[in-house]
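Accompanying notes for the structure given below.
The values are calculated or read from the model by the stated rules, or taken from the named source; none is laboratory data. Because the structure is predicted, anything quoted here is derived from the model rather than measured. Quick reminder, even Gly has a Cβ in these numbers, built from the backbone with ideal geometry, and neighbours come from all protein chains shown. Accessible surface is based on the protein model in full, side chains and every heavy atom, while ligands, DNA and RNA are left aside. Shrake-Rupley method; radii C 1.70, N 1.55, O 1.52, S 1.80 Å.
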Amino acid sequence: MNAALPRLNRQRLPQLSDHLPAIPWKEPRIGIVHLGLGNFHRAHQAMYTEDAMLAGGGDWGICGVSLRRPDTRDALAPQDYLYSVLVRDTNGQRVRIARALRRILVAPEEPQAVLDAMCDEHVKIVSLTVTEKGYCQDPKTGGLDFEHPLIVRDLKDPDHPQSVPGYLVAALKRRRQHPFTVLSCDNLSHNGAALRRVTVDYATALDPALGRWIEDAVAFPSTMVDRIVPATTDADRDAAARALGCVDAWPVPSESYRQWVIEDRFPAGRPAWEQAGALMVDDVTPYEAAKLRMLNGSHSTLVYLSLLADIETVDQAVANPDLRGLLHRLMTDDIAPTLTVPASFDRLSYRDQLLQRLANPALKHRCIQIAMDGSQKLPPRLLGTAADRLRAGYGVDRLALGVAGWMRFLLGRSESGAALELSDPMAARLSALAAQGADGLVERVLAVREIFPAALAEDPRFSASLKNAYDALGRDGALATARRYASL
Ligand code: CS2
């Protein structure tokens, strides 16, 4: 950080008007508690909420909760929780200062303060970006994983929770008169319904009446969230300092595109998000499936093959004609036909827009970041599409190629021999399977029921496609295989 420059803070805002909308701003009270204060939330929901307040008023300041580490709080508290969003596309960079975040709590340090914040009567919404693994879901049933160590722990000491369902239920129990709405913003299929199920399961295990009340009285709208938001680097910190003339310890780089589709069920009220461009709908399912399968499915396929081929960032990957060709074909012929979308939704324009977004050279979105947590991401992104295609009697070769790429990635080496680091809640188990060698890995991993449901794993068409793709990657390399699969 540039020690000679002053720190970003609220006093400095009048000098930073170039980086703020020219609309009067009134500091809001806190109306939302957000669990999981990562870069994504700060560039997505926090900005929609700020724009909604600018357009429609209301007190929807955000109290962010970090569930594990203190680093975001440590970076942002000295700057009054302000930070900048570095919006980048081919037209260059715009820097916008974000103001909706009003407070940050670090759950392991001050769990009671987190519960108190959730129980403040002005808080009408508790929203979440805790990633797939934060839901403590049993992948076999979709319900709560009662063997998850955090759940085992929390059920024994429910007044001092550590898990996401534990926090939600401990707070809801105290808010029986005026419950908040629980808003999932993670990339999960039916994210609201999934969160409702684990929360109700957890509450029921403690007290069946509480479980029934949550089921009847608490709203869990589902949402589709979309904005590409890479992790912050020191180069981003330098860029923020150059643009602002002051130090922002944790700016957030982002593309300019953003989309948010929300089921409109907020009995306790909500910000005027539609005035900030969000789409309020009755049923988010078609939008969510389109985004998860087209964007995230492409992302995951692309990054495993790219990492094997020693390609570091997403823009470099889609600049490669073999990988781009593969994605184009995958989206057009394999994924788009599985989607049931409203008449107004043009799948092929959506595809073209996605390819353009992924090509954004200013983002430098690292493949290894997207490669994280594959065991959690592959089912909603690729496996559901494969299952739908098999049911309809179609082949799954290209969908299996992404999964095979992930299996090769588990072996821990790129084609040039560079180390590929596995970061995954199932890392120990998956690495142990990989340590037994490349031969037979497909069969061993396919037997992991938490990832591959029996109906899919035992379908010989799927296992044969997977085995062929895995062998081709080992024999011909990622790029040659991508080229061949693009024209199958
Ligand atoms: C990415 C997503 O990291 C990942 O797994 O696929 O974070 C992706 O960038 C967002 O969902 C875009 O909205």
> Name the residues in segment 246-273 that are small (G, A, S) and more than 21 Å from the chain's Cα centre (by Cα), would you?
Replying inline: A249, A268, G269, A272
> Quick one: which of T385, T338, T332 is farther than 30 Å from G412 by Cβ, touching a Ser or Thr at 6+ places or on another chain (Cβ under 6 Å) and away from the ligand (no atom under 13 Å from the Cβ)?
Replying inline: T338
>> Against the condition in the same structural domain as H190 (by the TED database), outside any helix (DSSP H, G or I), open to solvent by 20 Å² or more (accessible area, probe 1.4 Å) and away from the ligand (no atom under 16 Å from the Cβ), how does R237 come out, does it pass?
In response: no
>> So for segment 393-415 (the condition being under 29 Å from D234 (Cα atoms), away from the ligand (no atom under 14 Å from the Cβ) and free of Cβ contacts under 8 Å to residues at least 12 places away in the same chain), does at least one residue qualify?
In response: yes
>> Can you tell me which condition A457 does not meet? The list is (1) closer than 21 Å to H299 by Cβ; (2) touching a helix residue (DSSP H, G or I) at 6+ places or on another chain (Cβ under 8 Å); (3) of a type in the set (A, V, I, L, M, F, W, C), and all the others hold.
In response: (1)
> Which residue out of A455, A434, A428, A480 is surrounded by fewer than 18 Cβ atoms within 10 Å (Cβ to Cβ), in the same structural domain as L307 (by the TED database) and either assigned to a strand (DSSP E or B) or free of Cβ contacts under 8 Å to residues at least 40 places away in the same chain (or both)?
Replying inline: A428
>> Take L168 and tell me if it is touching a strand residue (DSSP E or B) at 6+ places or on another chain (Cβ under 9 Å), touching a residue at least 60 places away in the same chain (Cβ under 8 Å), surrounded by 23 or more Cβ atoms within 10 Å (Cβ to Cβ) and not assigned by the TED database to the domain that holds L378.
In response: no
> Which residues, counting only those in segment 242-294, are open to solvent by 20 Å² or more (accessible area, probe 1.4 Å), in the same structural domain as H122 (by the TED database), in a helix (DSSP H, G or I) and touching a Gly at 6+ places or on another chain (Cβ under 9 Å)?
Replying inline: E274, Q275
> Any idea which residue in segment 60-90 is surrounded by the fewest Cβ atoms within 10 Å (Cβ to Cβ), counting only those that are of a type in the set (A, V, I, L, M) and more than 15 Å from H44 (Cβ to Cβ)?
Replying inline: A77
> What number goes with the only condition from (1) open to solvent by less than 10 Å² (accessible area, probe 1.4 Å); (2) over 23 Å from Y257 (Cα atoms); (3) not polar (S, T, N, Q) that V318 does not pass?
Replying inline: (2)
> Under the condition of being among the acidic types (D, E) and outside any helix (DSSP H, G or I), which residue from segment 27-84 is nearest to A235 (Cα to Cα)?
Replying inline: D80
> Which residue pairs have Cβ atoms under 7 Å apart, sit 6 or more places apart or on different chains, and have a first residue in segment 370-383 that is under 13 Å from L422 (Cβ atoms) and a second that is more than 9 Å from the ligand (Cβ to nearest atom) and aliphatic (A, V, I, L, M)?
Replying inline: A371/L307; S375/M426; S375/L430; S375/I451
> Just wondering, is there one or more residues in segment 173-180 that are touching a residue at least 60 places away in the same chain (Cβ under 8 Å) and either open to solvent by 10 Å² or more (accessible area, probe 1.4 Å) or of a type outside the set (A, V, I, L, M, F, W, C) (or both)?
Replying inline: yes
>> What are the pairs with Cβ atoms under 7 angstrom where one residue, in segment 43-61, is within 16 Å of the ligand (Cβ to nearest atom) and the other, located anywhere, is part of a helix (DSSP H, G or I) and among the polar types (S, T, N, Q)? Sequence gap at least six, or different chains.
In response: none
> For the subset of segment 124-165 comprising residues that are free of Cβ contacts under 8 Å to residues at least 40 places away in the same chain and among the hydroxyl-bearing types (S, T, Y), which member is least open to solvent (accessible area, probe 1.4 Å)?
Replying inline: S163
> Of the residues D315, D322, which single one is under 20 Å from the mean Cα position of the chain (by Cα) and part of a helix (DSSP H, G or I)?
Replying inline: D315
> Checking R258 against (1) more than 12 Å from the ligand (Cβ to nearest atom); (2) more than 29 Å from A486 (Cβ to Cβ), which single condition isn't satisfied?
Replying inline: (1)
> Checking A203 against (1) open to solvent by 10 Å² or more (accessible area, probe 1.4 Å); (2) not in a loop (DSSP other than H, G, I, E, B), which test does it fail?
Replying inline: (1)
>> Being at pLDDT 95 or above, assigned by the TED database to the domain that holds I368, closer than 29 Å to V318 by Cα and of a type in the set (A, V, I, L, M, F, W, C) is the requirement here; does A447 meet it?
In response: no
>> So in segment 91-116, with the set limited to residues that are β-branched (V, I, T) and open to solvent by less than 10 Å² (accessible area, probe 1.4 Å), which one is nearest to A171 (Cα to Cα)?
In response: V114
>> Looking at (1) open to solvent by less than 30 Å² (accessible area, probe 1.4 Å); (2) within 13 Å of the ligand (Cβ to nearest atom); (3) assigned to a helix (DSSP H, G or I), which one does L363 not meet, given that it meets all the others?
In response: (3)
